[in-house]
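Undergrad: Take this structure first; my questions come after.
The values are calculated or read from the model by the stated rules, or taken from the named source; none is laboratory data. For clarity, every value in this text was computed on a predicted model and none was experimentally measured. Ideal geometry is used to build each Cβ from the backbone, glycine not excepted, and the neighbour counts take in all protein chains shown. What goes into the accessible areas is simple: the full protein's heavy atoms, side chains included, and nothing from ligands, DNA or RNA. Shrake-Rupley method; radii C 1.70, N 1.55, O 1.52, S 1.80 Å.
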Amino acid sequence: MSNSRSQEPKRPNSPRTARRIRNREAATRMRSRQKQHMAELEKRKEALERRAAQLEEELRMVQRQNNPLNSSIEMLSEMIDDLSQVEYTMLSGIEECRVLLQGLEGLYKQRLP
C-alpha cells in the first residue's frame with residue numbers, strides 16, 4: 001500500500017485544501033503586519049535620529065557659550081589667588097607695623113619721666 005496523501009486527488013473543498021488556504025492567508029497577514037511594524041520602527045528610528053541631531057547641535061551651542069564663561073572663571077580664579085597673596089602680604093605688613101608700634105610705645109614710655 002502506498003502513501004494515500006500523495007495519491008489523494010486535490011479536491012477544492014477538502015479539509016487539507018481549506019487548511020492550506022487558511023495558512024496562506026495567515027502567512028500573508030503576518031507578512032503584512034511585519035512590514036507595517038518595520039515601517040513604524042523605521043519612522044521611529046528616523047524621528048530619534050532627528051532628535052539626536054537636534055540635541056547634538058544644542059550641546060555644541062551650549063559648549064560654545066560655556067567656553068568664554070570657562071575662560072572668565074579661570075581668569076577670576078587667578079585674580080582671587082593674586083588677591084589672596086596681596087591680603088596675606090598686607091596682613092603680614094600690618095602685623096609688622098603692630099609690633100613696631102608696640103616697640104615705639106615701649107620706647108616712648110621709657111623716655112617719659
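Undergrad: Ignoring ligands, DNA and RNA, what accessible area per residue does segment 26-113 give at 1.4 Å, in Å²?
TA: Per residue, segment 26-113 has an accessible area of 96 Å².
Undergrad: I'd like to know which of Gln63, Ile80, Met90 lies farthest towards the positive end of the charge dipole of segment 49-113, counting +1 on Cβ of Lys and Arg and -1 on Cβ of Asp and Glu.
TA: It is Met90.
Undergrad: Where the only charges are on Cβ atoms (+1 Lys, Arg; -1 Asp, Glu), what is the dipole of the chain about its Cα centre, to the nearest 20 debye?
TA: 2940
Undergrad: Got a number for carbon plus sulfur as a percent of segment 41-113's accessible area, 1.4 Å probe?
TA: 60
Undergrad: Out of Val86, Val62, Val99, any idea which swings most in a Gaussian network model of the chain, alpha carbons joined below 10 Å?
TA: Residue with maximal mean-square fluctuation among Val86, Val62, Val99: Val99.
Undergrad: What per residue convex hull volume, in Å³, do the alpha-carbon atoms of the chain yield?
TA: Normalising the Cα hull of the chain by residue number yields 256 Å³.
Undergrad: Then there's this: Out of Gln102, Gln85, Gln34, any idea which swings most in a Gaussian network model of the chain, alpha carbons joined below 10 Å?
TA: Looking only at Gln102, Gln85, Gln34, the largest GNM fluctuation is found for Gln102.
Undergrad: For Arg50, what accessible surface area do you get with a 1.4 Å probe? Give it in Å², rounded to 10.
TA: Taking all protein chains as shown, Arg50 has close to 140 Å².
Undergrad: Points 7 angstrom from Cα along the Cβ direction at Cys97 and Leu112: gap in nanometres?
TA: 2.3
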